[in-house]
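All remarks here apply to the structure that follows.
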Amino acid sequence: MKDNTAQSDMNIICVKCNAVLTIGKVTLAYMGNSFPVDLYKCPQCGLVYIPEDLALGKMNMAEKALEDK
(Lines give C-alpha, C1' and ligand atoms only; values in the text may rest on other atoms or scores of the structure.)
Protein backbone atom coordinates (compact mmCIF):
# COMPACT_ATOMS: atom_id res chain seq x y z
CA MET A 1 0.00 0.00 0.00
CA LYS A 2 1.51 3.30 -1.08
CA ASP A 3 0.13 6.66 -0.03
CA ASN A 4 1.24 9.88 1.64
CA THR A 5 0.20 8.77 5.14
CA ALA A 6 3.02 7.81 7.47
CA GLN A 7 2.69 4.17 8.48
CA SER A 8 2.74 5.10 12.18
CA ASP A 9 -0.46 7.10 11.61
CA MET A 10 -2.36 4.15 10.13
CA ASN A 11 -4.54 1.67 11.98
CA ILE A 12 -3.43 -1.82 11.02
CA ILE A 13 -5.98 -4.44 12.00
CA CYS A 14 -5.21 -8.05 12.99
CA VAL A 15 -6.89 -10.50 10.60
CA LYS A 16 -7.37 -13.04 13.42
CA CYS A 17 -8.62 -10.84 16.29
CA ASN A 18 -9.82 -7.69 14.53
CA ALA A 19 -7.76 -5.69 17.04
CA VAL A 20 -5.62 -2.64 16.21
CA LEU A 21 -1.93 -3.60 16.05
CA THR A 22 0.50 -1.70 18.26
CA ILE A 23 4.27 -1.21 18.02
CA GLY A 24 6.14 -3.60 20.27
CA LYS A 25 9.36 -5.56 20.70
CA VAL A 26 9.59 -8.62 18.46
CA THR A 27 12.50 -11.03 18.09
CA LEU A 28 13.15 -12.12 14.51
CA ALA A 29 15.31 -15.20 13.93
CA TYR A 30 17.13 -16.44 10.83
CA MET A 31 19.83 -19.10 10.48
CA GLY A 32 20.48 -19.25 14.23
CA ASN A 33 20.72 -15.49 14.65
CA SER A 34 18.08 -13.41 16.42
CA PHE A 35 17.37 -9.72 16.12
CA PRO A 36 15.19 -7.61 18.46
CA VAL A 37 13.13 -5.07 16.50
CA ASP A 38 10.07 -2.87 16.99
CA LEU A 39 7.22 -3.95 14.72
CA TYR A 40 3.45 -3.84 14.67
CA LYS A 41 1.96 -6.78 16.57
CA CYS A 42 -1.45 -7.80 17.83
CA PRO A 43 -1.87 -7.15 21.55
CA GLN A 44 -4.24 -10.14 21.77
CA CYS A 45 -2.73 -13.00 19.71
CA GLY A 46 0.80 -11.67 19.04
CA LEU A 47 0.54 -11.87 15.22
CA VAL A 48 3.28 -9.67 13.71
CA TYR A 49 2.94 -7.40 10.68
CA ILE A 50 6.08 -6.97 8.58
CA PRO A 51 5.73 -4.18 6.00
CA GLU A 52 6.65 -5.09 2.42
CA ASP A 53 9.40 -2.46 2.20
CA LEU A 54 11.09 -3.90 5.31
CA ALA A 55 10.77 -7.51 4.07
CA LEU A 56 12.16 -6.71 0.63
CA GLY A 57 14.71 -4.15 1.85
CA LYS A 58 16.62 -4.46 5.11
CA MET A 59 15.47 -7.99 5.94
CA ASN A 60 16.40 -9.27 2.49
CA MET A 61 19.85 -7.66 2.72
CA ALA A 62 20.42 -9.14 6.20
CA GLU A 63 19.40 -12.62 4.98
CA LYS A 64 21.83 -12.42 2.08
CA ALA A 65 24.64 -11.23 4.36
CA LEU A 66 24.02 -14.14 6.75
CA GLU A 67 23.86 -16.65 3.89
CA ASP A 68 27.19 -15.38 2.50
CA LYS A 69 29.02 -16.08 5.80
Practice item. Could you check Lys69 against (1) loosely packed, with under 10 Cβ neighbours inside 10 Å; (2) modelled with pLDDT of 70 or more; (3) charged (D, E, K, R) and say which number it fails? Key: (2)
**Study point:** Qualifying positions in segment 25-39 - within 15 Å of Pro51 (Cβ to Cβ) and modelled with pLDDT of 90 or more
**Key:** Val26, Asp38, Leu39
Check your understanding: Counting just the residues of segment 1-14 that are surrounded by fewer than 10 Cβ atoms within 10 Å (Cβ to Cβ) and part of a loop (DSSP other than H, G, I, E, B), which one comes out modelled with the lowest pLDDT?
Key -> Met1
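The values are calculated or read from the model by the stated rules, or taken from the named source; none is laboratory data. Bear in mind the structure is a predicted one, so any value in this text is a computation, not a measurement. Every residue, glycine as well, gets a Cβ built from its backbone with ideal geometry; the counts of neighbours run over all protein chains shown.
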